[in-house]
Amino acid sequence: MLPWCTSVWQPVYYRVWQTKSTYSEPLLLLDGREQADIEEPIHARASQKDVFVEFQIVADDAMRWSELQHYVLENGKLHRTGPVALTPQEFVSFWLRHPWNEVSEWTAQTGRDSMKTWQQRYKGTNSEFTSPTRHCTLHPDIWQVATDPGSDPRLAVHYFLIRARLPFRFTMVAVSDHPWPDCTENDAAIDNAPDLFGN
């Protein structure tokens with residue numbers, strides 16, 4: 001018997017092969033392994049052009065977040081592409097949880113070096129955020145997400161500027177210890193993630 005929530009926090013394996021009449025055996029294109037909450041649904045979809053995997057992970061503060069992995073087939077290889085998240089808060093969690101070499105593609109060119117240093121030194125929450133997310137009125141495609149340290153006085157609040165464009169194209173624009181003055185418009189709707197698999 002596994003204690004408490006560890007009973008549902010188990011490895012998830014996903015593998016993708018390509019077959020052709022000219023292949024003597026299937027070609028392994030993707031071989032992944034992640035820790036996931038197996039009590040929640042695990043989805044996968046594959047076509048001749050791309051692969052989509054979705055499952056729930058358990059982040060640092062025991063919060064559950066969707067992990068989206070989308071790969072497209074290019075020149076005989078699978079390359080990861082967006083979406084990596086469906087809401088700004090999910091995107092911030094993705095950006096904080098994953099190593100820099102995985103999130104740099106989703107980070108704005110301006111200020112990238114300083115954001116790399118900041119992300120690699122960050123020690124705060126990567127799963128708890130203040131709701132609702134706020135829209136920044138001076139920029140129609142920018143939203144602000146703030147961490148929620150709860151009752152822990154050791155944790156500071158951090159703020160993230162996210163560019164969000166359809167469909168689910170997120171970019172980390174800036175990080176700060178202070179809120180941006182124009183990010184004042186509460187937008188609860190953007191925190192509601194759609195169901196990509198129709199369940």
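Below are the figures for this structure:
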{"read-out": "Looking only at region 130-160, and only at residues there that are touching a Gly at 6+ places or on another chain (Cβ under 8 Å) and of a type outside the set (A, V, I, L, M), the one that is nearest to Ala174 (Cα to Cα)", "value": "His158"}
{"read-out": "Verdict on Trp95 being closer than 28 Å to Asp148 by Cα, surrounded by 11 or more Cβ atoms within 10 Å (Cβ to Cβ) and at pLDDT 95 or above", "value": "yes"}
{"read-out": "Residues of region 163-199 satisfying the condition of being of a type in the set (A, V, I, L, M, F, W, C) and either out of contact with any strand residue (DSSP E or B) (no Cβ under 9 Å at 6 or more places or on another chain) or assigned to a loop (DSSP other than H, G, I, E, B) (or both)", "value": "Leu166, Phe168, Trp180, Ala188, Ala189, Ala193, Leu196, Phe197"}
{"read-out": "Matching option when the condition is farther than 30 Å from Pro26 by Cβ, of a type outside the set (D, E, K, R) and surrounded by 17 or more Cβ atoms within 10 Å (Cβ to Cβ), among Leu155, Leu68, Leu73, Leu86", "value": "Leu86"}
{"read-out": "Filtered residues of region 27-45 (kept if surrounded by 12 or more Cβ atoms within 10 Å (Cβ to Cβ) and either in a loop (DSSP other than H, G, I, E, B) or among the aliphatic types (A, V, I, L, M) (or both))", "value": "Leu27, Leu29, Leu30, Ala36, Ile38, Glu39, Glu40, Pro41, Ile42, Ala44"}
{"read-out": "Counted residues, region 48-95 - those being closer than 12 Å to Ser127 by Cβ and small (Gly, Ala, Ser)", "value": "4"}
{"read-out": "Region 78-129 - residue that is small (Gly, Ala, Ser) and in contact (Cβ under 8 Å) with a residue 60 or more places away in the chain and, of those, nearest to Thr171 (Cα to Cα)", "value": "Ala108"}
{"read-out": "Hey, Trp106 in contact with a helix residue (DSSP H, G or I) (Cβ under 8 Å, 6 or more places away or on another chain), of a type outside the set (Asp, Glu) and modelled with pLDDT of 95 or more or not", "value": "yes"}
{"read-out": "Residue in region 22-36 that is of a type in the set (Val, Ile, Thr) and under 21 Å from Arg80 (Cα atoms) present", "value": "no"}
{"read-out": "Restricting region 105-141 to residues that are among the hydrophobic types (A, V, I, L, M, F, W, C) and surrounded by 12 or more Cβ atoms within 10 Å (Cβ to Cβ), the residue that is nearest to Val84 (Cα to Cα)", "value": "Trp106"}
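The values are calculated or read from the model by the stated rules, or taken from the named source; none is laboratory data. Quantities reported herein were computed from a predicted structural model and do not represent experimental measurements. Positions of Cβ are generated from backbone atoms using ideal geometry, with glycine treated the same way; all protein chains shown enter the neighbour counts.
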